[in-house]
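Only one structure is covered here, and it is reproduced in the block below.
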Amino acid sequence: MKPITLTALLGATYYCSAATIPATLERDELLPKRIPTSYESAVMGRRILALTPLGTIATIFPKDSNDKRRPPDVGGMPHSLMEYISDCENDDKGNPTLLAITISTTFRNIAAGSNVSLAVQWTPPHPPAKRIQRSSSSWCLTNQLRSFFGLSSSSSSSDSEEYDPAPYSAANLPRFSLLGHIERIALDDDQAATAAAISTCYTKTHPDARYWLPGNRIHTSYFVRLVVDRIYWVGGFGDRAFIGWIPVEEWNKVSRQEWESIRLPGEKKGWKEWSLDDGNNDL
(Lines give C-alpha, C1' and ligand atoms only; values in the text may rest on other atoms or scores of the structure.)
Protein backbone atom coordinates (compact mmCIF):
# COMPACT_ATOMS: atom_id res chain seq x y z
CA MET A 1 0.00 0.00 0.00
CA LYS A 2 1.30 3.42 -0.91
CA PRO A 3 2.21 5.35 2.28
CA ILE A 4 0.43 8.60 3.05
CA THR A 5 2.91 11.44 3.25
CA LEU A 6 2.54 14.54 5.41
CA THR A 7 3.00 16.65 2.28
CA ALA A 8 0.04 14.96 0.63
CA LEU A 9 -2.16 15.48 3.69
CA LEU A 10 -1.19 19.15 4.03
CA GLY A 11 -1.75 19.66 0.33
CA ALA A 12 -5.24 18.19 0.53
CA THR A 13 -6.05 20.30 3.58
CA TYR A 14 -4.89 23.49 1.86
CA TYR A 15 -6.91 22.64 -1.23
CA CYS A 16 -10.03 22.02 0.81
CA SER A 17 -9.63 25.23 2.85
CA ALA A 18 -9.24 27.28 -0.29
CA ALA A 19 -12.27 25.61 -1.83
CA THR A 20 -14.52 26.85 0.98
CA ILE A 21 -13.89 30.53 0.27
CA PRO A 22 -16.23 30.95 -2.73
CA ALA A 23 -19.06 29.23 -0.85
CA THR A 24 -18.58 31.62 2.08
CA LEU A 25 -18.60 34.66 -0.17
CA GLU A 26 -21.69 33.42 -1.98
CA ARG A 27 -23.47 32.85 1.30
CA ASP A 28 -22.78 36.40 2.47
CA GLU A 29 -23.95 37.85 -0.82
CA LEU A 30 -27.31 36.07 -0.48
CA LEU A 31 -28.06 37.20 3.06
CA PRO A 32 -31.36 39.09 3.31
CA LYS A 33 -31.23 42.83 3.83
CA ARG A 34 -32.99 42.41 7.16
CA ILE A 35 -34.39 39.71 9.42
CA PRO A 36 -38.21 39.33 9.14
CA THR A 37 -40.29 40.68 12.00
CA SER A 38 -42.34 38.47 14.30
CA TYR A 39 -45.50 39.49 12.42
CA GLU A 40 -44.00 38.67 9.04
CA SER A 41 -42.98 35.33 10.52
CA ALA A 42 -46.57 34.85 11.72
CA VAL A 43 -47.79 35.34 8.15
CA MET A 44 -45.37 32.66 6.97
CA GLY A 45 -46.43 30.39 9.81
CA ARG A 46 -50.11 30.74 8.95
CA ARG A 47 -49.35 29.77 5.34
CA ILE A 48 -47.36 26.77 6.52
CA LEU A 49 -50.28 25.72 8.70
CA ALA A 50 -52.67 25.99 5.75
CA LEU A 51 -50.44 23.96 3.43
CA THR A 52 -49.04 21.33 5.79
CA PRO A 53 -51.08 18.16 6.42
CA LEU A 54 -48.98 16.64 9.20
CA GLY A 55 -47.65 17.74 12.57
CA THR A 56 -46.29 16.19 15.73
CA ILE A 57 -48.40 16.50 18.86
CA ALA A 58 -46.73 16.24 22.25
CA THR A 59 -48.68 15.35 25.38
CA ILE A 60 -47.84 14.09 28.87
CA PHE A 61 -48.80 10.71 30.29
CA PRO A 62 -50.90 11.17 33.44
CA LYS A 63 -49.12 10.13 36.61
CA ASP A 64 -52.11 8.17 37.83
CA SER A 65 -53.78 5.82 35.41
CA ASN A 66 -55.88 2.68 35.47
CA ASP A 67 -54.55 1.66 32.07
CA LYS A 68 -52.95 -1.73 32.69
CA ARG A 69 -51.58 -1.87 29.15
CA ARG A 70 -49.02 0.88 29.66
CA PRO A 71 -45.77 0.59 31.65
CA PRO A 72 -46.27 1.85 35.22
CA ASP A 73 -43.28 4.22 35.13
CA VAL A 74 -44.26 6.44 32.18
CA GLY A 75 -46.46 8.81 34.22
CA GLY A 76 -45.30 12.39 33.72
CA MET A 77 -43.22 11.52 30.67
CA PRO A 78 -43.74 13.26 27.30
CA HIS A 79 -45.32 11.44 24.40
CA SER A 80 -45.08 12.64 20.79
CA LEU A 81 -46.72 11.22 17.67
CA MET A 82 -47.59 12.30 14.16
CA GLU A 83 -51.10 13.67 13.77
CA TYR A 84 -53.26 14.74 10.83
CA ILE A 85 -53.84 18.50 10.91
CA SER A 86 -55.88 20.92 8.85
CA ASP A 87 -57.07 24.54 8.89
CA CYS A 88 -60.83 24.22 8.47
CA GLU A 89 -62.55 26.89 10.55
CA ASN A 90 -63.79 30.15 9.10
CA ASP A 91 -62.84 32.40 12.01
CA ASP A 92 -59.35 32.84 10.49
CA LYS A 93 -57.56 32.72 13.85
CA GLY A 94 -55.07 30.01 12.99
CA ASN A 95 -56.33 27.34 15.36
CA PRO A 96 -55.57 23.94 13.77
CA THR A 97 -58.42 21.48 13.21
CA LEU A 98 -57.88 17.93 14.47
CA LEU A 99 -59.94 14.77 14.38
CA ALA A 100 -59.86 13.33 17.88
CA ILE A 101 -60.18 9.58 18.16
CA THR A 102 -60.89 8.62 21.75
CA ILE A 103 -58.93 5.38 21.60
CA SER A 104 -55.66 7.15 20.66
CA THR A 105 -53.01 7.67 23.32
CA THR A 106 -52.66 11.34 22.42
CA PHE A 107 -56.30 12.18 23.07
CA ARG A 108 -56.50 9.94 26.11
CA ASN A 109 -53.66 11.97 27.61
CA ILE A 110 -55.48 15.18 26.68
CA ALA A 111 -58.69 13.90 28.28
CA ALA A 112 -56.65 13.26 31.45
CA GLY A 113 -55.63 16.94 31.54
CA SER A 114 -52.36 16.97 29.59
CA ASN A 115 -50.87 20.13 28.16
CA VAL A 116 -50.55 20.12 24.37
CA SER A 117 -48.02 21.34 21.83
CA LEU A 118 -48.03 20.88 18.06
CA ALA A 119 -44.78 20.99 16.08
CA VAL A 120 -45.08 21.88 12.38
CA GLN A 121 -42.29 22.21 9.82
CA TRP A 122 -42.24 23.46 6.26
CA THR A 123 -41.40 20.82 3.67
CA PRO A 124 -40.83 22.36 0.22
CA PRO A 125 -42.55 20.54 -2.68
CA HIS A 126 -39.57 21.23 -4.96
CA PRO A 127 -35.88 20.66 -4.19
CA PRO A 128 -33.64 23.72 -4.53
CA ALA A 129 -31.98 24.37 -7.86
CA LYS A 130 -28.82 25.22 -5.97
CA ARG A 131 -27.86 23.35 -2.81
CA ILE A 132 -25.76 24.53 0.11
CA GLN A 133 -22.31 23.35 -0.92
CA ARG A 134 -20.72 20.51 0.98
CA SER A 135 -17.45 22.36 1.47
CA SER A 136 -16.42 21.12 4.91
CA SER A 137 -12.78 20.14 5.22
CA SER A 138 -13.67 16.63 6.38
CA TRP A 139 -15.76 15.88 3.30
CA CYS A 140 -13.22 17.42 0.97
CA LEU A 141 -10.26 15.70 2.64
CA THR A 142 -12.03 12.36 2.33
CA ASN A 143 -12.35 12.81 -1.41
CA GLN A 144 -8.71 13.87 -1.71
CA LEU A 145 -7.63 10.74 0.12
CA ARG A 146 -9.86 8.57 -2.05
CA SER A 147 -8.26 10.13 -5.09
CA PHE A 148 -4.78 9.61 -3.57
CA PHE A 149 -5.47 5.88 -3.26
CA GLY A 150 -6.95 5.69 -6.74
CA LEU A 151 -10.51 5.19 -5.53
CA SER A 152 -13.54 6.80 -7.09
CA SER A 153 -14.68 10.12 -5.68
CA SER A 154 -17.79 10.19 -3.51
CA SER A 155 -19.12 12.88 -5.85
CA SER A 156 -19.15 10.55 -8.84
CA SER A 157 -22.16 10.42 -11.12
CA SER A 158 -23.26 7.11 -9.65
CA ASP A 159 -23.34 8.61 -6.15
CA SER A 160 -25.20 11.68 -7.34
CA GLU A 161 -28.04 9.44 -8.49
CA GLU A 162 -28.48 7.90 -5.05
CA TYR A 163 -31.70 8.54 -3.17
CA ASP A 164 -31.55 11.70 -1.08
CA PRO A 165 -34.11 11.49 1.78
CA ALA A 166 -33.86 15.24 2.39
CA PRO A 167 -32.86 17.08 -0.79
CA TYR A 168 -32.73 20.40 1.06
CA SER A 169 -31.38 21.85 4.29
CA ALA A 170 -34.18 21.37 6.82
CA ALA A 171 -32.31 23.58 9.30
CA ASN A 172 -32.57 26.46 6.83
CA LEU A 173 -36.37 26.22 6.61
CA PRO A 174 -39.06 27.51 8.99
CA ARG A 175 -40.74 25.44 11.69
CA PHE A 176 -42.73 26.29 14.78
CA SER A 177 -44.44 24.95 17.86
CA LEU A 178 -47.99 25.85 18.84
CA LEU A 179 -48.71 25.56 22.56
CA GLY A 180 -52.31 25.62 23.67
CA HIS A 181 -55.34 23.67 24.74
CA ILE A 182 -57.94 21.49 23.04
CA GLU A 183 -61.57 22.53 22.57
CA ARG A 184 -64.26 20.32 21.13
CA ILE A 185 -65.93 21.87 18.08
CA ALA A 186 -69.63 21.81 19.04
CA LEU A 187 -71.68 20.67 16.08
CA ASP A 188 -75.32 20.33 17.03
CA ASP A 189 -78.10 19.03 14.84
CA ASP A 190 -78.89 22.56 13.66
CA GLN A 191 -75.29 22.99 12.48
CA ALA A 192 -75.30 20.21 9.90
CA ALA A 193 -73.96 22.56 7.22
CA THR A 194 -70.99 23.52 9.40
CA ALA A 195 -70.27 19.89 10.23
CA ALA A 196 -70.39 18.98 6.55
CA ALA A 197 -68.07 21.87 5.65
CA ILE A 198 -65.48 20.84 8.24
CA SER A 199 -65.67 17.19 7.17
CA THR A 200 -65.27 18.18 3.51
CA CYS A 201 -62.31 20.43 4.30
CA TYR A 202 -60.63 17.81 6.46
CA THR A 203 -61.04 14.93 4.00
CA LYS A 204 -59.85 17.12 1.14
CA THR A 205 -56.49 17.18 2.92
CA HIS A 206 -56.80 13.65 4.32
CA PRO A 207 -58.96 11.49 2.01
CA ASP A 208 -58.42 8.34 4.09
CA ALA A 209 -59.89 10.06 7.15
CA ARG A 210 -63.40 9.56 5.79
CA TYR A 211 -63.32 6.11 7.35
CA TRP A 212 -63.15 7.48 10.89
CA LEU A 213 -65.19 10.67 10.65
CA PRO A 214 -67.68 11.29 13.49
CA GLY A 215 -70.43 8.70 13.37
CA ASN A 216 -68.30 5.91 11.90
CA ARG A 217 -68.80 2.34 13.13
CA ILE A 218 -65.14 1.71 14.03
CA HIS A 219 -64.04 4.36 16.53
CA THR A 220 -65.62 7.16 18.51
CA SER A 221 -64.35 10.44 17.08
CA TYR A 222 -65.10 14.16 17.00
CA PHE A 223 -63.54 17.33 15.64
CA VAL A 224 -61.52 19.58 17.93
CA ARG A 225 -59.49 22.76 17.60
CA LEU A 226 -56.11 23.42 19.12
CA VAL A 227 -56.62 26.87 20.62
CA VAL A 228 -53.23 28.53 20.22
CA ASP A 229 -51.95 30.26 23.36
CA ARG A 230 -48.23 30.51 22.54
CA ILE A 231 -46.12 30.28 19.37
CA TYR A 232 -42.42 29.55 19.26
CA TRP A 233 -40.89 30.15 15.82
CA VAL A 234 -37.60 29.13 14.23
CA GLY A 235 -37.50 30.65 10.76
CA GLY A 236 -34.21 29.06 9.75
CA PHE A 237 -30.65 30.16 10.38
CA GLY A 238 -30.43 33.00 12.88
CA ASP A 239 -28.47 35.35 10.62
CA ARG A 240 -31.41 35.61 8.23
CA ALA A 241 -34.55 34.50 10.03
CA PHE A 242 -36.54 35.44 13.11
CA ILE A 243 -36.18 33.03 16.03
CA GLY A 244 -38.30 33.50 19.14
CA TRP A 245 -41.82 33.89 20.49
CA ILE A 246 -44.55 35.28 18.23
CA PRO A 247 -47.27 37.13 20.18
CA VAL A 248 -50.55 35.24 19.90
CA GLU A 249 -52.30 38.50 19.00
CA GLU A 250 -50.15 38.69 15.86
CA TRP A 251 -50.84 35.04 15.01
CA ASN A 252 -54.61 35.58 15.31
CA LYS A 253 -54.49 38.87 13.40
CA VAL A 254 -53.07 37.42 10.18
CA SER A 255 -55.74 37.38 7.47
CA ARG A 256 -56.27 34.78 4.77
CA GLN A 257 -55.50 37.43 2.17
CA GLU A 258 -52.10 38.02 3.77
CA TRP A 259 -50.96 34.41 3.92
CA GLU A 260 -52.37 33.63 0.50
CA SER A 261 -50.38 36.51 -1.02
CA ILE A 262 -46.93 35.13 -0.13
CA ARG A 263 -44.89 32.16 -1.30
CA LEU A 264 -42.62 30.03 0.85
CA PRO A 265 -39.16 28.76 -0.15
CA GLY A 266 -39.57 25.84 -2.51
CA GLU A 267 -43.16 26.46 -3.54
CA LYS A 268 -41.75 27.42 -6.93
CA LYS A 269 -39.00 25.67 -8.81
CA GLY A 270 -35.57 27.23 -9.19
CA TRP A 271 -35.05 28.52 -5.64
CA LYS A 272 -31.62 28.80 -4.05
CA GLU A 273 -31.11 27.24 -0.66
CA TRP A 274 -29.16 30.10 0.89
CA SER A 275 -31.66 32.79 -0.01
CA LEU A 276 -34.65 33.57 2.18
CA ASP A 277 -36.12 35.76 -0.54
CA ASP A 278 -36.52 32.99 -3.12
CA GLY A 279 -40.05 32.30 -1.98
CA ASN A 280 -40.93 35.48 -3.93
CA ASN A 281 -42.86 36.85 -0.99
CA ASP A 282 -43.25 40.56 -0.45
CA LEU A 283 -43.15 40.63 3.34
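Some notes on this structure:
- Annotation: of all residues in region 80-104 being surrounded by 14 or more Cβ atoms within 10 Å (Cβ to Cβ) and of a type in the set (Ser, Thr, Tyr), the one that is nearest to Arg217 (Cα to Cα) is Ser104.
- Ile218 being touching a Phe, Trp or Tyr at 6+ places or on another chain (Cβ under 9 Å) and outside any loop (DSSP other than H, G, I, E, B): no
- Of all residues in region 163-187 being under 22 Å from Glu40 (Cβ atoms) and either aromatic (Phe, Trp, Tyr) or in contact with a Ser or Thr (Cβ under 7 Å, 6 or more places away or on another chain) (or both), the one that is modelled with the lowest pLDDT: Tyr168
- Residues considered: Ile182, Ile198. Of these, the only one that is over 20 Å from the mean Cα position of the chain (by Cα) and assigned to a strand (DSSP E or B) is Ile182.
- Of all residues making up region 244-275, the number that are free of Cβ contacts under 8 Å to residues at least 24 places away in the same chain, in a loop (DSSP other than H, G, I, E, B) and closer than 16 Å to Val234 by Cα: 0
- When the test is whether a residue is in a helix (DSSP H, G or I) and modelled with pLDDT under 95, Arg240 does not pass it.
The values are calculated or read from the model by the stated rules, or taken from the named source; none is laboratory data. All values reported here derive from a predicted model rather than from experimental measurement. A quick note on method: Cβ atoms are made from the backbone with ideal geometry, for glycine too, and the neighbour counts reach across all protein chains shown.
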